[in-house]
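Here's the structure, in structure tokens; my notes come after.
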Amino acid sequence: MLARAIPSAVFARRRRALMESMGPDSVALLPAAPSVPRNRDIHYPYRQDSDFYYLTGFPEPEALAVLIPGAEQEFLLFCRDRDPQMEIWHGRRAGTQGAMERYGAANAYPMADLDKILLPLLENRERVFYAMGYCPDFDQQVMGWINQTRAKARTGVRAPATFIALEHLLHPMRLRKEPEEIAVMRESARIACEAHCRAMQTCRPGMMEYQIEAEIFHTFMSYGAGWSYPAIVAGGDNSCILHYTENNAELHDGDVLLIDAGAELDGYASDITRTFPVNGRFSGEQRAIYELVLAAQQAAIDQVRPGRHFNEPHDAAVRTLTEGLVTLGLLPGDVDELIKAEQYKAFYMHRTGHWLGMDVHDVGDYKTGEDWRVFEPGMVTTIEPGLYIPVGGKVIDAGWARLGIQLETEVDERWQRIGVRIEDDVLVTAGEPEVLTAAAPKAVDDIEALMRR
Ligand code: GLY
Ligand code: MN
Ligand code: MN
């Protein structure tokens, strides 16, 4: 997480809203993400926990946020102490003073004082909110505090009796993006679009997938952004491997290149996929598959409106894709029956989108009870249909299917080695869906024109 784009007042507003929904007699505990060792004394680049960051903006490991609605000091931050020697080696720390001055803590303490300070705060509180079951060490620590509080029962102290998963309150808040978050997401999307344009303009037959990956990261890093997930840079048959991340093959004349790469800016993800021909010109088959995926994507985006539910874009994409596959002769039979039997899954095996925000697959339930969640302004979803026909790809044989016999035959070779996904980030508004990633071209002519330059 780099530049701090969300103002302090926004973090304070979120804490207030959460505490109002927690109610009195409660306490929320949020640990920072641990720093994860990579090997010996080297650690992976640090990434703060999204829930913790959403409420504090505090970027350091070894910290705990405590929210106590109605208390004289409602927001406490436990953090690493200042330490001149450690800071010379490993970098600056906010320390308790910085936690109060820069991050809005009403009071801050060193982690070493956690037990001493926290235990009395849990006494006579009814409910504890925290994310249970994600971090065994933290679960154990919380249970330790609760047991120590219970041990004081004979002195008249009441221990918390109710434990509530914090995400029930917090994740619906994260699902509905505030204007300040949408501004950062727009910028994260803009950077990722520029990276995809750079990849299109650089790509030539004979280059390696990792060289294109380097172009993408060049753009991310030149804006102070990082990546929101490891980039997929997949040429030719690799484009049919959904989570391909080896990125180490040569790019061949006549193949497609599928790039799924998103930036992370101040904790907010973008998630874009573009597919284009390595040599800058779509072949007839590539173009037919591509235009079909694009039509499915446009049909799906059109469903991202208040009042429509989360699965409507997927339904729209599946129908368009299935109709197109029948027209191209790649799927045999009746569209409704093919959809019912899910035969499109031979070429389209994933779903059409997911929530997007601080996490690339963001928090928020997809269903409320039995029903799909209905879109509301401020929600952001990806829309990412695709078709994948690998070398040796098979489909139900049309002739035998008419006789009621399910027999697989290989797809004609001219359709093989073509994997196409087109992915955009779409904001639900009161009116038209807003495509945050529109600056990365996706019309065939626009892609070919950009690649000619
Ligand atoms: N890049 C991950 C996804 O598209 O869901
Ligand atoms: Mn995605
Ligand atoms: Mn993606």
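The values are calculated or read from the model by the stated rules, or taken from the named source; none is laboratory data. What you see is a predicted model, and the numbers here were worked out from it, not measured in a lab. A quick note on method: Cβ atoms are made from the backbone with ideal geometry, for glycine too, and the neighbour counts reach across all protein chains shown. What goes into the accessible areas is simple: the full protein's heavy atoms, side chains included, and nothing from ligands, DNA or RNA. Shrake-Rupley method; radii C 1.70, N 1.55, O 1.52, S 1.80 Å.
Taking a Cβ cut-off of under 14 Å around G386, the surrounding Lys, Arg, Asp and Glu residues balance to a net charge of -1, with basic ones at +1 and acidic ones at -1. Once you reduce the stretch 1-58 and the stretch 276-339 to the center of their Cα atoms, the two points are 39 Å from each other. Accessible area ranking (1.4 Å probe, heavy atoms, ligands and nucleic acids excluded), largest first, for I259, I405: I405, I259. Here is the link list: K177/K345; K367/K394; K116/K152; K177/K442; K340/K394. Which ones come out longer than 23 Å on Cα distance? In this structure, K177/K345; K367/K394; K177/K442 exceed 23 Å between Cα atoms.
Summing Lys and Arg as +1 and Asp and Glu as -1 over all other residues whose Cβ lies under 11 Å from the Cβ of A131 gives a net charge of -4.
Summarising the amide proton neighbourhood of S35: residues at separation of 5 or more, or on other chains, whose placed amide H is nearer than 5 Å comprise E62. Carbon-plus-sulfur accessible fraction, the chain (probe radius 1.4 Å, protein heavy atoms only): 52%. In percent, what relative contact order does the stretch 112-184 have, based on Cα pairs under 8 Å that are 6 or more apart in sequence? Relative contact order comes out at 39 percent. Label sites at R47 and E72, each approximated as a point 7 angstrom past Cα along Cα to Cβ, lie 4.1 nm apart.
Amide H contacts under 5 Å for I418: I389, restricted to partners 5 or more places along the chain or on a different chain, H placed in the peptide plane at 1.01 Å from N. Working note: Debye formula, equal point scatterers on the alpha-carbon atoms of the stretch 46-109, no solvent; log10 I(q)/I(0) at q = 0.21 Å⁻¹ is -0.82. Considering the chain, its Cα convex hull presents a mean projected area of 25.6 nm². Distance distribution P(r), the stretch 289-380, all Cα-Cα pairs, bin width 10 angstrom from 0: 16, 43, 30, 11, 0 percent.
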